[in-house]
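Some notes on the structure that comes next.
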Amino acid sequence: MLEGSTAIAFYIISFVMILSAIAVVTLKNIFHAALFLVLTLFAVAALYILLSAEFLAAVQVLIYVGAISILMIFAVMLTAQLTNYNIKQTNEQSLPALLISVCFIGITIFAIATNNKLGGFPIKENTEIAGSNTANLGQLLMRDFILPFEVVSVLLLAALIGAIVIAKRDN
Amino acid sequence: MQESVKTILENFSLNIDLVTLMPEIIICGMALLTMILEPFLKGDSRKVVMHLTWLSIVAALISIYSIWTSQPNLQSLQFADAYRIDSYSLLFKAVFLIGSLLTVFISSNFLKFKNVPDGEFYSLILFATFGMMNMASAGDLIVLFIGLEIMSLCLYVLAGILRRSVYANEASLKYFLMGAFASGFLMFGIAFIYGATGTTSIVDVIQSSEILSNTYLIIGAAMVMIGLGFKVGAVPFHMWIPDVYTGSITNVTAFMSAGPKAAAFAAFFQVFIVALRPLQSEIEVVLWILSALTMTLGNILAITQNDVKRMLAYSSISHAGYVLIALVAFTPAATTAGLYYLLCYTVMNIGAFTVLIMVEARENSDTNFSSFAGMGRRYPFLGILLTIFMISLAGFPPTAGFMGKFLVFKSAIDTGSTSLIVLVVLAVVNSLVSVYYYLRVVVVMFMVEPELEYRPINFATGIIAALVISMGGTLLLGIYPQIFAFFLNTALI
């Protein structure tokens, strides 16, 4: 299924994504790690575009790159001298964790490869969706998923109140 | 363009029935209202928030009752099948509301004693309750997840609401980190289930029959089980419970051990009994192991505790194990019995916590066993109440704890499967072991002399109301379960 330029783009993006993700969890300087996280998230957005999920890509850049990563970088920079520290990113549990992750990846790959519905590798293309993704998504959100869409606002409000309760000054 | 919007609206109906949504509307509306009111209230008038909160919970309970009596066999799917209101979800909501009501009653004075600002407290309790109601009524895995997140976020904050206490900070942080991790598992699992079936709707998942024994679905089920197992505190996902329950302020601990646990079980029932019914044989094995481990480990660790609050935390782990038996049994009767057990556990456990709060809310007091020494002689009536709660938690007649256990065990034995009978035998042995640590409180209370004169206990109105309701519930559910016969006729789907 992956052919020509799409295949080349996929391999380049994946390569960048995996390398920068490894950098995030291994670099000793927390500031550099945060910058590599930005790169990883950008690469994920690029993958979304490759899957023709342009709305998801835009949201990924706006929220993860634009908001969350920038907030993390601000937090690192505002915390006194944290940028200069060399922080060890591993502990004595790193080896078992690695083993479990590798097992999990193995099981997941096996599952995808033997999935009848998805047709195993290569994954079948979904031809049912007509029209632009964004328009379809908007209709779904406003129709089938109107309840979760609205209830999320309650979730955000509860989170906001919670943040204020924890952070406010004693009077 | 306008025309197309019009046709969409005409061809599409959300099928909303506001009457059956009344409990949710009342609770969510009051949560918002308390936040708006709170800044305008000063001094003594701040009590208004507390009174409005419990009144709204009572109103929601009344509306559930009226929906129940006016539409006995209600089966309504709303919001494009994303929200399901039936007798099962209504009863679960009633359990959550009773838990929240008792929590509000025991909180008012205790918050003042501990110098905690109370405005946000009540609104967070109401928001958490709203989240739980969403979980019980979810017709879609996404709604279930969002409900769970609303509940969890409120609990993370409530656990740390005692901001100057290091233990509360530890509890809050630990709960947040572990909880966020578990939510990640749950979300990932839901994504896998979507991958296997192409839908997140709970009803549609069972109907997509072509996916039987698909590895994808099994991975999804396993990850959802990890996520929900964490929320109910099943061994081996129980690590957070002792520290979080002990570190949090005691009225929040009482709240956490009742409603949210029941809500997590509601989600368990929804996902594993309704949505993933095709995987029954695989799920049963895993749940059997979880149940056996949970009740045994919870009990063994509870024996060694010197702090009553921590002992109750471990006991709540073992009670989760007993409810899991209902899930292993996989029959409608078992689900109903599980629901009955959760109601019993809510009233008797909050009852025990109420007495604990009364003991803790004295000068220089804590929650150790030694704080109970001499209480039975100074306050014999209170001593007898605590004895009844403890007997109920241990599962002796004529109390709610006995009836709940009896129904769960009976439904498991009725299935006739040998593995379930083995599990029930294990549960009975565990109940006998639990007598030791529950009655230890009673022994200390009546038979150990306090070092100094027993410091007086403050009987506040709210506390007395909570004691009356929880004691009434404990005795009524144990002695006269027939009035809850409608309960027993409620089957899932």
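The values are calculated or read from the model by the stated rules, or taken from the named source; none is laboratory data. Being a predicted model, the structure only gives us computed values, none of them experimental. Backbone-built Cβ (ideal geometry, glycine too); neighbour counts: all protein chains shown. Each accessible area value is taken on the protein alone, full model and side chains, heavy atoms only, with ligands, DNA and RNA left out. Shrake-Rupley method; radii C 1.70, N 1.55, O 1.52, S 1.80 Å.
Summary of values
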quantity: One residue from B:PHE113, B:PHE121 being touching a helix residue (DSSP H, G or I) at 6+ places or on another chain (Cβ under 9 Å) and within 12 Å of chain A (Cβ to nearest Cβ); calculated: B:PHE121
quantity: Criterion: polar (S, T, N, Q), touching a residue at least 24 places away in the same chain (Cβ under 8 Å) and over 30 Å from B:ASP86 (Cβ atoms) - qualifying residue of B:SER123, B:SER137, B:SER183, B:SER107; calculated: B:SER107
quantity: Close pairs from the range B:397-426: first within 23 Å of B:THR474 (Cβ to Cβ) and open to solvent by 40 Å² or more (accessible area, probe 1.4 Å), partner in a helix (DSSP H, G or I) and of a type in the set (Gly, Ala, Ser), Cβ under 8 Å, at least 6 apart; calculated: B:PRO397/B:GLY478; B:PRO398/B:GLY478; B:PHE402/B:SER392; B:PHE402/B:GLY478; B:LYS410/B:ALA337
quantity: Pairs, first open to solvent by 30 Å² or more (accessible area, probe 1.4 Å) in the range A:24-46, second among the charged types (D, E, K, R), C-beta under 9 Å, six or more apart; calculated: A:LYS28/A:LYS88
quantity: Any hit, the range B:209-217, residues being open to solvent by less than 50 Å² (accessible area, probe 1.4 Å) and either under 22 Å from B:GLY131 (Cα atoms) or more than 14 Å from every other protein chain (Cβ to nearest Cβ) (or both); calculated: no
quantity: One residue from B:ILE146, B:ILE193 being in contact with a helix residue (DSSP H, G or I) (Cβ under 6 Å, 6 or more places away or on another chain), free of Cβ contacts under 8 Å to residues at least 40 places away in the same chain and either facing chain A (nearest Cβ under 8 Å) or crowded, with 23+ Cβ neighbours inside 10 Å (or both); calculated: B:ILE146
quantity: Selection from the range B:126-143 of residues that are β-branched (Val, Ile, Thr), over 17 Å from B:ALA94 (Cβ atoms) and buried (at least 24 other Cβ atoms within 10 Å of the Cβ); calculated: B:VAL143
quantity: Qualifying residue in the range B:440-453 (condition: within 15 Å of B:ILE357 (Cβ to Cβ) and among the charged types (D, E, K, R)); calculated: no
quantity: Among the candidates B:ASN109, B:ASN15, B:ASN73, residue that is at negative phi and at pLDDT below 85; calculated: B:ASN73
quantity: Residue list for the range A:133-171, filter: open to solvent by 60 Å² or more (accessible area, probe 1.4 Å) and modelled with pLDDT under 80; calculated: A:ARG169, A:ASP170, A:ASN171
quantity: Residue in the range B:270-288 that is modelled with the lowest pLDDT, counting only those that are surrounded by fewer than 16 Cβ atoms within 10 Å (Cβ to Cβ) and not polar (S, T, N, Q); calculated: B:ARG277
quantity: Of all residues making up the range B:106-130, the number that are among the β-branched types (Val, Ile, Thr) and more than 30 Å from A:GLU150 (Cα to Cα); calculated: 2
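Let's see how each residue does on (1) out of contact with any strand residue (DSSP E or B) (no Cβ under 6 Å at 6 or more places or on another chain); (2) within 24 Å of B:THR387 (Cβ to Cβ); (3) among the hydroxyl-bearing types (Ser, Thr, Tyr):
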| position | (1), (2), (3) |
| --- | --- |
| B:ALA412 | yes, no, no |
| B:LEU423 | yes, no, no |
| B:TYR437 | yes, yes, yes |
| B:VAL442 | yes, yes, no |
| B:MET447 | yes, yes, no |
| B:PRO450 | yes, yes, no |
| B:ILE457 | yes, yes, no |
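For every residue, the table says whether it meets (1) assigned to a strand (DSSP E or B); (2) modelled with pLDDT under 80; (3) farther than 27 Å from A:PHE42 by Cα.
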site: A:THR83; (1), (2), (3): no, yes, no
site: A:ASN91; (1), (2), (3): no, no, yes
site: A:PRO96; (1), (2), (3): no, no, yes
site: A:VAL102; (1), (2), (3): no, no, no
site: A:ILE105; (1), (2), (3): no, no, no
site: A:ILE109; (1), (2), (3): no, no, no
